[in-house]
Amino acid sequence: MASKTSVADILASFPGPVTLRASLKRWGVVFAGCALFATGGEWLVGAGQVMGWLPLICFGIGAVIAALALLPGASALTLDGTGFEITKFYRRTRPRWQDASDFVATRIPPARQRFVLFNNARSGRRLARINTFIAGRNAALPDTYGLSPDDLVQLMAQWRERAASTVGFVG
C-alpha cells in the first residue's frame, strides 16, 4: 500500500518525534470480512447447523480484534532520536536504536504479506529465540503504517543511522 508521505519527508523530521498510524483501511477490510463470515456462522447456527459455531466464534473474535485496532490510539509507531515506540492494542514497547538492528522486509510462510523484522538486543526471552530460529530475527513491527515494507525498512535503517551519528553509539 503506497503512502502519501515519502520516506524522505519523514526523515526530514529527524529527530522527531514522528508518529505513524496503522492503516485503518486494512483493519476496516479485516473487520468487514470477519463480520461477514461471523454473520454467516450465525445464520448457520440459526438454521440448526452445529458447524456454524466454528466460523461464528473464530470470525467473531477476529471482528472484535479488528474493531479494537480501529480505535484511536490503538496502533502506532513513534520514532525519535533515542528509539521508537510500538503501540499495539494500547500496549507499548520501546526499543532503543542501539538495541535495534538488521531491519529487513520478508515473508514468513504461510502468510502472503511481508513483515518488517529486526533484531532487538534486549530481547532475551524464549519466544525471541524461537522467532530467530523461524524467521532469522527476534522482533517484528506489527504493521507497515501506510508504507510499503521496503520503504519502512529504509525509514527505520536511515533513522537509526541518524540517531547513531547524533548520540554516538556504534551502529
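Computed from the coordinates by the stated procedures, all read-outs in this text should not be read as laboratory data. Because the structure is predicted, anything quoted here is derived from the model rather than measured. Note: ideal-geometry Cβ built from the backbone for every residue, glycine included; neighbour counts use all protein chains shown.
When the dipole is taken about the Cα centre of the chain, and only Lys, Arg (+1) and Asp, Glu (-1) are charged at their Cβ, what size is it in debye, to the nearest 20? Present the calculation step by step, with values, prior to reporting the outcome.
Values: 19 positive and 10 negative charges, 76 e Å.
Dipole size: approximately 360 debye.
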Checklist outcome for this item: Residue-normalised 222 nm signal for the chain, counting each DSSP H run of n ≥ 4 as -39,500 (n - 2.57), nearest 500 deg cm²/dmol, is -14500 deg cm²/dmol
Next on the checklist: To test your reading of the geometry: what angle, between 0 and 90 degrees and rounded to tens, separates the Cα axis of helix 53-70 from the longest principal axis of the chain?
Outcome noted: 40
Item to check | Whole-Hz ³J(HN,Hα) from phi, Karplus 6.51 cos²θ - 1.76 cosθ + 1.60, for the stretch 91-105, glycine and proline x | outcome: 9, 10, 10, 9, x, 8, 4, 5, 9, 9, 7, 6, 5, 8, 9
Next on the checklist: Looking at the chain as a GNM with Cα springs under 10 Å, which of 37, 103, 84 has the largest mean-square fluctuation?
Outcome noted: 37
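Can you give the net charge of the other residues whose Cβ lies under 10 Å from the Cβ of residue 143, counting K and R as +1 and D and E as -1?
Numbers: positive: 21, 26, 88; negative: none.
That works out to +3.
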